[in-house]
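What follows is a single structure, written as structure tokens, with notes after it.
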Amino acid sequence: MFSKEWFAKFMIYFGYLMCVIYVCLGLVLLLADIFPVKPAALKFSFSLFLIAYGFFRLAKLVTKKTEPND
């Protein structure tokens, strides 16, 4: 039904979308007052982790795209 090329392209776009979602979720958690009961240090560290993980995935996608296939 779906070709391998279509699925590969879909997974690349999905990877970029997940990078954006992780960074945005981290920023929302950092800037908005969504969980007022949780300690500020916990929210800060978790949001920082989400932002860093989003950028890590983005760097991984970009380097994977530029690497030659061996």
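Side notes on the structure shown:
- Pair list, Cβ under 8 Å, 6 or more apart: the range 8-29 residue under 28 Å from residue 45 (Cα atoms), other residue not in a helix (DSSP H, G or I): 28/34; 29/35
- Residue match in the range 27-43 (condition: open to solvent by 90 Å² or more (accessible area, probe 1.4 Å) and modelled with pLDDT of 95 or more): no
The values are calculated or read from the model by the stated rules, or taken from the named source; none is laboratory data. The structure presented is a predicted model; accordingly, all values stated were derived computationally and were not measured. Cβ atoms come from the backbone with ideal geometry, glycine included; neighbour counts cover every protein chain shown. Ligands, DNA and RNA are excluded from the accessible area calculation, which covers all protein heavy atoms including side chains. Shrake-Rupley method; radii C 1.70, N 1.55, O 1.52, S 1.80 Å.
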